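Some notes on the structure that comes next.
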Amino acid sequence: MANNQEPGYAKEDVSNKKIALYGLISILIFVILFVMIHFLFLNHDDSLILRKERPYIPLKELHAHEDSVLYTYRIIDASKGLYRIPVDSAIKLIEQEKLNKALDPTQK
């Protein structure tokens, strides 16, 4: 059996045009990615991070305001009959209503 293939080495030279084209495409992709990363992550405006329109509220003041909303009585709109009551009182009222309904089935 005779083998028609010659052993050994490549007889064709590499294409300089293809190497140059692949190199330019790689450099172009690298530059595009670099510009995208720069504009997305490095070129940000600090005013978005530091909220100038909303001043910093100390945590103790915030908790005091939340506690006053949750645990105090207040008239919201007397003409409509809207009142704010503490959370604990509201829970007790709801429990009492459900207990009354369970004990007296004639109530709706």
Under the 7 Å Cα-to-Cβ spin-label approximation, residue 73 and residue 85 lie apart by a distance in nanometres of 1.0 nm
Residue-wise HN-Hα coupling along segment 97-102, computed from phi with Karplus coefficients 6.51, -1.76, 1.60 (Hz; x: Gly, Pro) = 4, 5, 5, 5, 5, 5
Ranking 106, 72 by Cβ neighbours within 10 Å, fewest first, what do you get?
-> 106, 72
So for R0 = 35 Å, FRET eff. of residue 98-residue 62 from the Cβ-Cβ r, to 0.05, ends up at 0.55
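Taken together, the values in this text are just the output of simple stated rules run on the coordinates, not laboratory data. Because the structure is a prediction, the values reported are computed rather than measured. Cβ sites come from the backbone with ideal geometry, for glycine too, and all protein chains shown count toward neighbours.
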